[in-house]
Amino acid sequence: MLAVVRDLREHWAPASAEELERFETYIPSGFVLARASAGLADGTIRGDVGHLDQIRSWFGRPLWDMEPADADAYFGKVLRTRPAAPASPGRRR
């Protein structure tokens with residue numbers, strides 16, 4: 001049986017800046033909870049969240065606005081021009 005599908009965006013008002021800010025806080029929280037529930041180490045989760053924070057800071061907009069060309073610019077250019085982080089005593093290169 002086929003059902004009629006409607007685009008709900010026609011009926012919803014655009015999100016306010018406050019709602020978007022709350023959503024941007026909520027998403028990483030869910031990401032951390034899911035990773036912790038999967039048994040990943042705290043350091044791994046911290047590293048993953050740190051990478052997302054770096055991308056978000058560079059991009060300057062919500063990550064859901066990122067296009068493939070933006071990701072290419074970040075991973076292909078920005079990361080290659082940044083100096084590598086110094087190795088910590090427990091970290092191998």
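Couple of notes before you dig in:
- Selection of first residues in segment 55-67 that are of a type in the set (Phe, Trp, Tyr) and of second residues that are part of a helix (DSSP H, G or I) and open to solvent by 50 Å² or more (accessible area, probe 1.4 Å), restricted to Cβ pairs under 8 Å at least 6 apart or on distinct chains, gives the following pairs, ordered by first then second residue: 59/65.
- Every pair of residues 6+ apart whose Cβ atoms lie under 8 Å, when the first sits in segment 17-43 and is more than 14 Å from residue 64 (Cα to Cα) while the second is open to solvent by 90 Å² or more (accessible area, probe 1.4 Å): 36/42
The values are calculated or read from the model by the stated rules, or taken from the named source; none is laboratory data. Note that this is a predicted model, so its numbers are computed, not measured. When we count neighbours, we look across all protein chains shown, and the Cβ atoms used for this are built from the backbone with ideal geometry, even at glycine. Protein only, heavy atoms only, side chains kept; ligands, DNA and RNA dropped before computing areas. Shrake-Rupley method; radii C 1.70, N 1.55, O 1.52, S 1.80 Å.
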